[in-house]
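Take a look at the structure below.
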Amino acid sequence: ADDLKNGDYALFNYVDGVGGQVTSNINTYVDKNDTYKINNSGNGMLTEVYVDDTAETVTIVSINTYLAQVSGDYDKDDEELDIEWADDTTLSDNVDSSKVDMTLSSDDFDNLDAYEDEDYVLVTVADNEIKSIAKAELVTAAVTAYEDEDSVTAGGTKYEYSKTYNEGNGFDGDYSINDDYDLYLDAYGYVIFADGVEDEGKYVYIDDAYAASNSEKANVKANAYFLDGTNEEITVDK
């Protein structure tokens, strides 16, 4: 810190691969009691500090994690995968979305064929180029409590929001207590996206069931009532 204040060491600072030498307000980076957040740091932002005594430099590198979504299945012919930014992701000022190539090639990334259409993925960016991709962890559980712009408690665990999600106002609307939600987590365990679990009509009331014929391999027919009140004969697979 003293070497930086005295000018004996040079300070460099980068966010998402963009930055350079810092020549003013050095004290905001090194004063013990300063409340300034370096690079507006927050949940889910990785910040590393490199000290090079040979070059007499200190370099701060901050890396945000952003949420994207796979757009279409993996292209086996071109060995490429298309992704797009998720609606609730807030990009830093150092990321120009118009310059980021959202078509990823197997020449640069491994296992792109493991991703499917609409998968939520975690990506990092350096100098407007995507550097990493990983599938977001999914937790589906009933929400029992939440705090606006802070956290949500589901399945007995309290999850705080990631920086890039919360700056986009976090969950859009109030949670319905005791309802199930899909919580997508970043690599550090912060919620980077939350979505209510839709009722997909997976329940059906079977009034009667019978074999279509006397054959052992005959299909089983059933008189079914669905959640919307409709009634029809269905074929039961198992």
Could you name the lysines in cross-link range of Lys5, using Cα to Cα under 27 Å and dropping any fewer than eight places away on the same chain? Lys32, Lys37
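Taking the solvent-accessible surface of protein heavy atoms with a 1.4 Å probe, what is the per residue accessible area of the chain in Å²? List each step's numbers first, then the result.
Details: 14720 Å² over 238 residues.
Per-residue accessible area for the chain comes out at 62 Å².
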Suppose each label sits 7 Å from its Cα in the direction of the beta carbon; what would the Asp34-Ser213 distance come out to in nanometres? 8.3 nm
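Calculate the tail of P(r) for the chain: the fraction of all Cα-Cα distances greater than 23 Å, expressed in %. Before the final figure, lay out the partial values.
On the way: 18012 of 28203 pairs.
Pairs farther apart than 23 Å: 64 percent.
For the cross-link pairs Lys131/Lys158; Lys99/Lys135; Lys135/Lys158, which exceed 28 Å when the distance is taken from alpha carbon to alpha carbon?
On the way: Lys131/Lys158 30 Å; Lys99/Lys135 23 Å; Lys135/Lys158 21 Å.
Beyond 28 Å: Lys131/Lys158.
As an exercise, use a Förster radius of 30 Å and the Cβ-Cβ distance of Phe226 and Glu118 to find the FRET efficiency, rounded to the nearest 0.05. Mind showing how you got there, number by number?
Values: r = 25 Å, r/R0 = 0.84.
Efficiency computed from Cβ-Cβ geometry: 0.75.
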Given labels modelled 7 Å from the Cα in the Cβ direction, how far is it in nm from Asp96 to Lys158? 4.2 nm
Surface share of carbon and sulfur [accessible, 1.4 angstrom probe, percent] for the chain: 39 percent
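The values are calculated or read from the model by the stated rules, or taken from the named source; none is laboratory data. Here the structure is a predicted model, which is why all the values come from computation and not from measurement. Cβ sites come from the backbone with ideal geometry, for glycine too, and all protein chains shown count toward neighbours. Remember, those area values only see protein heavy atoms, side chains included, never the ligands or the DNA or RNA. Shrake-Rupley method; radii C 1.70, N 1.55, O 1.52, S 1.80 Å.
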